[in-house]
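The values are calculated or read from the model by the stated rules, or taken from the named source; none is laboratory data. Worth saying up front: this structure is predicted, and the values here are computed from it rather than measured. Note that we place each Cβ from the backbone using ideal geometry, even for glycine, and neighbour counts take in every protein chain shown. Heads up: the accessible areas ignore ligands, DNA and RNA and are worked out on the full protein's heavy atoms, side chains in. Shrake-Rupley method; radii C 1.70, N 1.55, O 1.52, S 1.80 Å.
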Amino acid sequence: MAITSEVERPQPKLIPWTKKLTQLPWWALIILLAGVLIVYFLFTSPTYQDAFSFLRAGVRLTILVSLIAFGLSLILGLIAGLGRVSKNVVSYTISSFYVEVIRGIPLLVLLIYFAYVVTPLALQFLNWLGTAMLQNLTIGPLMGLAHSLADLNIQNVDMLARAIAGLAFAYGAFEAEVFRAGIESIERGQMEAARSLGMSYFQAMRYVILPQAIRRVLPPFGNDFIAMLKDSSLISVLAVRELTQLGKLNRARTFRTYETWNTVAFLYLIMTLSLSLLVKFMERRMAFEE
Amino acid sequence: MKSSMVEPLSRDDDIILIDHVYKSFGKTRALVDVSLRVKRGEVCFIFGPSGGGKSTLLRCINHLEKPDSGTIIVDGIPVTEEKTNIDKVRAEVGMVFQLFNLFPHLTALRNITLAQEKVRRRSKEEAERIARELLGRVGIPEKADAYPGQLSGGQKQRVAIARALAMNPKIMLFDEPTSALDPEMIKEVLDVMLELASEGMTMVVVSHEMGFVKEAARRIIFMDEGKIVEEMTPEEMRAATQNLDLAKEERTRLFLSKILV
C-alpha cells in the first residue's frame, strides 16, 4: 500500500514577539530584582549590614546541619529502603513500620519528640546497660565502656545532636521511599541476570541494581536536600543557633523586624535557588546520558 | 560446602534431571507433570507456541522460577531442595536471555569480569584476560570498552553469551536468544551457538529458530499447554517439516503448519 499524503503540512510560523514576551521567565527576573535591592541595602544600610554580620554564623550552621542530617538520612533510607523491597517478613515489617510512622507525624512534632522523649529514653537505656555491665563484669576490656555508659548524662547530649538525629530519622523515611522507587524501577531482568551468574542477592544489589537505581534517583535526592535545608529552620524550636534562630535573636536584639526577616528570607532563597539550579543541571545531564 | 555433601541422585550421564515438575502462576498452569533428562554434551531444542511453558521450564532449571512440586537435579545437586545453596548451582549454569539483560552501567568487559571476580574470586587481571579472550571468540574483541547502549542487538547478545561462558558453566541455557534480533543479526549469534554446540557444551535452547535445529540440535522437544507433547530426532523433524503428516501429534502438526508458511 502506497501512502499518498495530499494533506498540506502546516508551515512553521515565527513566534510573534508578544508571545515571546509572555514566555520569558518573569518570576526569575522579579526574584533577581528583589535580590539586587537587598544586596544594595546590604552595602548601604548599616542596619542591614549589622543583621547580615549577625546572621552569617547561622547560615554556616544551617548548611552544616543540613549536610550531616541529610548524609545520615541517606544511610537510614538505604537500610530501610532495602527492607521495603525485601522478601524477608521481619525486615519488611520493621522498615514499613518506620516509614509509615515517621511519615504520619509532622516534622515539628518529630523534632520535639526526638529531643525530649527519645533522647532521654535512649540515655536511660544506655545508663541501665552500663550499670548492668558493671555489676556482671569483674574486670575486662569493656570496663571503660561500661563506666562511660553508666555515667552518661542528659546534659552531655546537646540540642544540636538531638536536632540532627531528629532531622535524619524524619528524612530517612522519605529517602527510604526514594530508594525503594529507584530499586523497583530497574528491570527485573537485571536481578535475574546477576543471580543467574551465581551472585548472591546482596552482591546483585550492590554491584548491579543499586548503581543503576541511585543514578536514577539523584534528582529526587537533590530536591529532598533542598527541602531539608528549608525544614532545618524548624530546629530553631530547640534553640539551635541556626539561621532562623539567629533571625529571632537579631530581631529581639535590634527590634528591626523588617530588615531581619528580609535578610533571613533572602539568605534562604539564595541557598535554595542555587541548589535547584544544580539539580536542574543534573537532570539535564542525565536526560542527555539516557 | 554443604552441597557437596549431598549424595548425587544420578550417577549416570544425566546432567539435568527433571522429574514430575508442576508450576502454576495463579490459575494459569505453566508446567504440568513435566519430566525430562538431558545427557552431558547433549543439545536439546525446545519449541512450541508462546505460553506453552518452554521458558518456565528453562527458568526452573536454574531456579529463577520455583516449581510447585517435583524434583530437578542439576549436575547431581537437587536444586528443588530447600537447603541447597542455589548460588553455587547457578554459577555452573550459564543463562542467555531474550532481552540480553546486560548491565547497562558497565562496559562490555566489566559485564564479563564482574561475576568472575565476585563469584569465582578470580583476580582482576585473570578475569580481564578471560573476558578479552571470550570477546575474541564471539568475534567482537574491539568492543571491550563499549557500553551496552553503544552495541547492536547481535553484539549485545554475543557479549551476554561471553558473560555466561566466562563462568566456565557446565550447562548453557538459551531463552529465545534470537527473538529480539533483526534478521541480519540472527546469524552472528547463531554461529556462536553452533560453535559452542560443536565443542560439546550441554545446551538447552528455547527458540523458534529452525536454522539451529537443522545444524546442531540432537533432541527436539515440542511443548504446548505446559506439557511435553512430542519428542523428535532431527531426522524426524526434517521429515515432519517436509510432510506435516509425519508428525505424530495433532498439535505439533498444527503448530508446524503455522510456522512453516
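Just to check your reading of the model, which residue among A:ILE270, A:ILE226 is crowded, with 16+ Cβ neighbours inside 10 Å and touching a residue at least 40 places away in the same chain (Cβ under 8 Å)?
So the residue among A:ILE270, A:ILE226 that is crowded, with 16+ Cβ neighbours inside 10 Å and touching a residue at least 40 places away in the same chain (Cβ under 8 Å) is A:ILE226.
If I filter region B:227-247 for residues that are modelled with pLDDT of 85 or more and under 30 Å from B:ARG129 (Cα atoms), do I get at least one hit?
Looking for residues that are modelled with pLDDT of 85 or more and under 30 Å from B:ARG129 (Cα atoms), one finds none in region B:227-247, hence no.
Listed residues B:GLU176, B:GLU199, B:GLU215, B:GLU188; which is among the charged types (D, E, K, R), open to solvent by less than 30 Å² (accessible area, probe 1.4 Å), under 20 Å from the mean Cα position of the chain (by Cα) and modelled with pLDDT under 95?
Going through B:GLU176, B:GLU199, B:GLU215, B:GLU188 in turn, just one is among the charged types (D, E, K, R), open to solvent by less than 30 Å² (accessible area, probe 1.4 Å), under 20 Å from the mean Cα position of the chain (by Cα) and modelled with pLDDT under 95: B:GLU176.
List pairs: first in region B:199-214 and over 23 Å from B:ASP14 (Cα atoms), second β-branched (Val, Ile, Thr) and crowded, with 17+ Cβ neighbours inside 10 Å, Cβ under 6 Å, 6+ apart or cross-chain?
If the second residue must be β-branched (Val, Ile, Thr) and crowded, with 17+ Cβ neighbours inside 10 Å, the pairs left are B:GLU209/B:THR178.
If you go through region B:26-41 one residue at a time, how many are open to solvent by 90 Å² or more (accessible area, probe 1.4 Å) and closer than 10 Å to B:ASP68 by Cβ?
Looking only at that region, the number is 1.
Spot the failing condition for B:LEU102; the list is (1) within 20 Å of B:ILE46 (Cβ to Cβ); (2) within 14 Å of chain A (Cβ to nearest Cβ), and only one is missed.
That leaves (1) as the condition not met.
With the structure loaded, tell me whether A:LEU218 is part of a helix (DSSP H, G or I), within 14 Å of another protein chain (Cβ to nearest Cβ) and open to solvent by 30 Å² or more (accessible area, probe 1.4 Å) or whether it fails that test.
The answer is yes for A:LEU218.
What are the pairs, 6+ residues apart or on separate chains, where a residue within region B:78-91 that is under 12 Å from B:MET167 (Cα atoms) and within 13 Å of another protein chain (Cβ to nearest Cβ) has its Cβ under 8 Å from a residue that is surrounded by 18 or more Cβ atoms within 10 Å (Cβ to Cβ) and among the charged types (D, E, K, R)?
If the second residue must be surrounded by 18 or more Cβ atoms within 10 Å (Cβ to Cβ) and among the charged types (D, E, K, R), the pairs left are B:VAL89/B:ASP75; B:ARG90/A:ARG195.
Are any of the residues in region B:125-136 in a loop (DSSP other than H, G, I, E, B) and open to solvent by 10 Å² or more (accessible area, probe 1.4 Å)? Can you show your working first?
We begin by selecting, within region B:125-136, every residue in a loop (DSSP other than H, G, I, E, B); these are none.
No, region B:125-136 contains no residue that is in a loop (DSSP other than H, G, I, E, B) and open to solvent by 10 Å² or more (accessible area, probe 1.4 Å).
Got a sec? Which of B:ARG158, B:ARG110, B:ARG120 is out of contact with any Pro (no Cβ under 9 Å at 6 or more places or on another chain), among the charged types (D, E, K, R) and at the interface with chain A (Cβ under 9 Å from one of its Cβ atoms)?
Sole residue among the options that is out of contact with any Pro (no Cβ under 9 Å at 6 or more places or on another chain), among the charged types (D, E, K, R) and at the interface with chain A (Cβ under 9 Å from one of its Cβ atoms): B:ARG120.
So which pairs qualify, if the first residue must be in region A:89-115 and under 21 Å from A:VAL178 (Cβ atoms), the second must be of a type in the set (Asp, Glu) and open to solvent by less than 60 Å² (accessible area, probe 1.4 Å), the Cβ gap must be under 6 Å, and the two must be at least 6 apart or on different chains?
Cβ pairs passing all conditions: A:LEU107/A:ASP231.
Considering only residues that are at the interface with chain B (Cβ under 7 Å from one of its Cβ atoms) and under 27 Å from the mean Cα position of the chain (by Cα), look in region A:181-214 and name the one that is surrounded by the most Cβ atoms within 10 Å (Cβ to Cβ).
Taking the candidates together, the pick is A:VAL208.
Got a number for residues in region B:145-173 being of a type in the set (A, V, I, L, M, F, W, C), surrounded by fewer than 20 Cβ atoms within 10 Å (Cβ to Cβ) and in contact with a Ser or Thr (Cβ under 7 Å, 6 or more places away or on another chain)?
1
Looking at region A:141-153, I want the residues that are over 8 Å from A:THR131 (Cα atoms) and have a partner that is modelled with pLDDT under 80 with Cβ atoms under 7 Å, at least 6 apart or on another chain. Which pairs are those?
Close Cβ pairs satisfying both conditions: A:MET143/A:LEU137.
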